[in-house]
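Have a look at the structure below before the remarks.
The values are calculated or read from the model by the stated rules, or taken from the named source; none is laboratory data. Keep in mind the model is a prediction, meaning the values are calculated, not measured. A quick note on method: Cβ atoms are made from the backbone with ideal geometry, for glycine too, and the neighbour counts reach across all protein chains shown.
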Amino acid sequence: MAFKLGITGGIGSGKSGVSELLRVMGIPVYDCDKEASRLMHQSPEIRRQLTLLAGEGVYDENGMLNRKMLASFMFGNESRVRAVNAIVHPSVRADFRRWAEEKAHLPFVGLESAILYEAGMKEDVDAVVLVYTPAEERLQRAMARDNVPEEQIRRRMNSQMLDENKLALADYVIRNAENDAVTPQVLELLQSLR
């Protein structure tokens, strides 16, 4: 049975870089954001439930998810955010479990999720590694990467659990500030798990 390593960290922390490094090392990583997007487009059940919740316009005439409409529907409304998450998160968890089962013969698989704890996926992995970067550095990285205003990134950061709170929950921490070398930390982590 593959050891399932959860990879989390706030926006701009570098968790995708750590996931890519694991892939280069031959460890497949399930990207929750990417797979949630796929499922929201492909799953008839998610489509049915989102349409009931948000209205017919949530999918366009070509059957594509209208992300702007869904974002507008959820914006600033915590109960709507929870309702959408209650539709999407269980499907992502089930899809991850199926995916991990297919890879059970491997020594390791990864699960990348910014909201691993918030989505209740902690119980789906054997250990959690937090990719930790100080908040101000994450803010600058995300602004540069996404080319969006500071206020928008701060809103996204505020919607996620603080990385400082995740530090106490994580089994392992990879520090990814400006002068930190990530690759040796990942190699050391994998060696400790063998």
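For Leu162, which of the numbered conditions (1) more than 24 Å from Arg80 (Cβ to Cβ); (2) surrounded by fewer than 16 Cβ atoms within 10 Å (Cβ to Cβ); (3) among the hydrophobic types (A, V, I, L, M, F, W, C) fails to hold?
Only one criterion is unmet by Leu162, namely (1).
Look through segment 141-179, keep the residues that are part of a loop (DSSP other than H, G, I, E, B) and at pLDDT below 85, and return whichever of them is nearest to Met74 (Cα to Cα).
Once the filter is applied, the top-ranked residue is Gln160.
Return the total of residues in segment 75-95 being modelled with pLDDT under 85 and at negative phi.
3
Return a yes/no flag: does segment 96-115 have any residue that is more than 30 Å from Asp180 (Cα to Cα) and in contact with a Cys (Cβ under 9 Å, 6 or more places away or on another chain).
Yes, there is a match, as at least one residue in segment 96-115 is more than 30 Å from Asp180 (Cα to Cα) and in contact with a Cys (Cβ under 9 Å, 6 or more places away or on another chain).
Given the residues Gly57, Gly63, which is the only one that is assigned to a loop (DSSP other than H, G, I, E, B) and out of contact with any Lys or Arg (no Cβ under 6 Å at 6 or more places or on another chain)?
Going through Gly57, Gly63 in turn, just one is assigned to a loop (DSSP other than H, G, I, E, B) and out of contact with any Lys or Arg (no Cβ under 6 Å at 6 or more places or on another chain): Gly63.
Condition (residue is surrounded by fewer than 19 Cβ atoms within 10 Å (Cβ to Cβ) and at pLDDT 95 or above) applied to segment 127-134: is it met by at least one residue?
Yes, the conditions are met somewhere in segment 127-134.
If I ask for residues that are of a type in the set (S, T, N, Q) and assigned to a helix (DSSP H, G or I), which ones from segment 79-130 would you list?
Listed by number, the residues that qualify are Ser79, Asn85, Ser91.
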